[in-house]
1. For the range 59-109, which positions are touching a residue at least 60 places away in the same chain (Cβ under 8 Å), of a type outside the set (Lys, Arg) and over 15 Å from Gln45 (Cα atoms)?
2. Out of (1) under 19 Å from the mean Cα position of the chain (by Cα); (2) modelled with pLDDT of 95 or more, the odd one out for Ile77 is which?
3. If you go through the range 56-68 one residue at a time, do you hit one that is surrounded by 14 or more Cβ atoms within 10 Å (Cβ to Cβ), more than 23 Å from Ile235 (Cα to Cα) and either of a type in the set (A, V, I, L, M, F, W, C) or not assigned by TED's automatic domain parsing to the domain that holds Gln33 (or both)?
4. More than 21 Å from Ile133 (Cβ to Cβ), in contact with a Lys or Arg (Cβ under 9 Å, 6 or more places away or on another chain) and not basic (Lys, Arg), is that true of Asp211?
5. Just to be sure, is Ala240 at pLDDT below 95, assigned by TED's automatic domain parsing to the domain that holds Val195, in a helix (DSSP H, G or I) and within 21 Å of the chain's Cα centre (by Cα)?
6. Looking only at the range 59-117, how many residues end up being of a type in the set (D, E, K, R) and assigned to a helix (DSSP H, G or I)?
7. Out of the residues in the range 157-184 that are out of contact with any Ser or Thr (no Cβ under 9 Å at 6 or more places or on another chain) and polar (S, T, N, Q), state the one that is farthest from Thr140 (Cα to Cα).
8. Can you find, within the range 288-302, the residue that is nearest to the chain's Cα centre (by Cα) among those that are assigned to a strand (DSSP E or B) and surrounded by fewer than 15 Cβ atoms within 10 Å (Cβ to Cβ)?
Amino acid sequence: MRNIALLLMGLVSMPLWAMTQVNLYQSAVVIDQEADNGDQLARAQGLEQVIIRASGDAMAASNPVIKKAMGNTSQYITQISYASRGEEQEVRLMFSEPRVRALLTQAQLPYWPAQRKTVLVWLAEEEAGQRAISWDYANTNYMAALRDSAQQRGLPLTFPLGDFEDMTNIEVSDIWGGFEDVIEQTSQRYPADAVLVLRNDGNNVRWTLYDQEPAQGLRATIHRTYPANTSAQRIVDDIAVFYSQKDAVVVSQETSGKTVVTFDNVTTAEQFFKLEKGLENLSTVATANILEMHASSVTFEVELLASREDFEQSVLRALSAHRAPVEALDTDLQPQPMEDGLESGAVQQDKEEFAEEPAVPTQLPEVSEPSTSELTFSL
């Protein structure tokens, strides 16, 4: 038996301050009216968008399994509608989450969970020798390009409001000069998991990603410079790759055995139900069945869709996403998505009480021979 004592109140009682539940399974594509099979091509492009968004892999469409699926999209589409956009016609598609998840598993592509970090964007732009902060309401061309690219990759971006409080606490020179203390302090009013600072002088964009909540102190994670005309998509792609590589998991086509998990200090019915739902919603879990309840301990038998190490990591990611101090651990879990998590046509799903990741496909793969070992988590 292997016992691991971890503080996992994040699963049942930490507030989700900023993580955004992204709708991975919708797409909208303009139909090429000059192509003989324009509608079919648009549906294939829609599926490609969804696969890239759900996997975090921009090259996912080159996978042979995905190529084959793009030739027969009807089995994956659940809703379809058409709309006019000026002189163009657009097809709007909704894809089946279980079928797309199963397709990723079959292709052995990673699955990037739909609950993703919200990135607060501080953008300073220079035009005609004048510099200004691009607030949420500004909607400059460069902001629109960032938002469009972020929507395509499923990366939640939010911009500061630019209200009186912002304008009295930060100036464009703070952004341009990269004064981290000022940026950190001003950012703390926003529920964000990370901060992105960009300086666009019209020729080049210098950008820095801080992969920390503002209250935790800002330490540069990525710092790069790109030509301005190509930078929006490249920056979003870089950040999407960074987070998908951190958070994605490759789900096995067969279950990877079973493990027994005991949670101690489960003292209320509300804690229990949130714990049970949170466990079932992990992408590394096929099923979670209660074996025993005794006093304040609950024991589950968990059938895994990935290695036990990946299972442990998926639980730890749920904890690290919250990063709340121990003193705050008596707060009930109330997931709160960003109001403006994805702009320009983004769609957010309603959150479950605990939604670290969407449920696994209802059609589970064939079960391999299980191997049981026990983990113990202390709440």
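The values are calculated or read from the model by the stated rules, or taken from the named source; none is laboratory data. In this text the structure is predicted, and so the values were computed from the model without any measurement. Here Cβ is always computed from backbone atoms with ideal geometry, including for glycine, and neighbour counts include all displayed protein chains.
1. In the first step, residues of the range 59-109 are kept if they are touching a residue at least 60 places away in the same chain (Cβ under 8 Å); the result is 90-102, 104-106, 108-109.
Okay, now just the ones that are also of a type outside the set (Lys, Arg), so 90-91, 93-98, 100, 102, 104-106, 108-109.
Of everything in the range 59-109, those that are touching a residue at least 60 places away in the same chain (Cβ under 8 Å), of a type outside the set (Lys, Arg) and over 15 Å from Gln45 (Cα atoms) turn out to be Ser96, Glu97, Pro98, Ala102, Leu104, Thr105, Gln106, Gln108, Leu109.
2. All conditions are met except number (1).
3. yes
4. Values: more than 21 Å from Ile133 (Cβ to Cβ): yes; in contact with a Lys or Arg (Cβ under 9 Å, 6 or more places away or on another chain): yes; not basic (Lys, Arg): yes.
Considered against the rule, which asks whether it is more than 21 Å from Ile133 (Cβ to Cβ), in contact with a Lys or Arg (Cβ under 9 Å, 6 or more places away or on another chain) and not basic (Lys, Arg), Asp211 comes out as yes.
5. Working: at pLDDT below 95: no; assigned by TED's automatic domain parsing to the domain that holds Val195: yes; in a helix (DSSP H, G or I): yes; within 21 Å of the chain's Cα centre (by Cα): yes.
Spelling it out, it is not the case that Ala240 is at pLDDT below 95, assigned by TED's automatic domain parsing to the domain that holds Val195, in a helix (DSSP H, G or I) and within 21 Å of the chain's Cα centre (by Cα).
6. Here is the first cut: in the range 59-117, the ones of a type in the set (D, E, K, R) are 67-68, 85, 87-88, 90, 92, 97, 99, 101, 116-117.
Adding the requirement that they be assigned to a helix (DSSP H, G or I) leaves 67-68, 97, 99, 101.
So the answer is 5.
7. Thr168
8. Quick first cut of the range 288-302, residues assigned to a strand (DSSP E or B) only: 288-294, 297-302.
Remaining after also requiring surrounded by fewer than 15 Cβ atoms within 10 Å (Cβ to Cβ): 289-294.
Details: Asn289: 27, Ile290: 29, Leu291: 32, Glu292: 33, Met293: 33, His294: 36 Å.
Step by step, filter the range 288-302, then rank; the result is Asn289.
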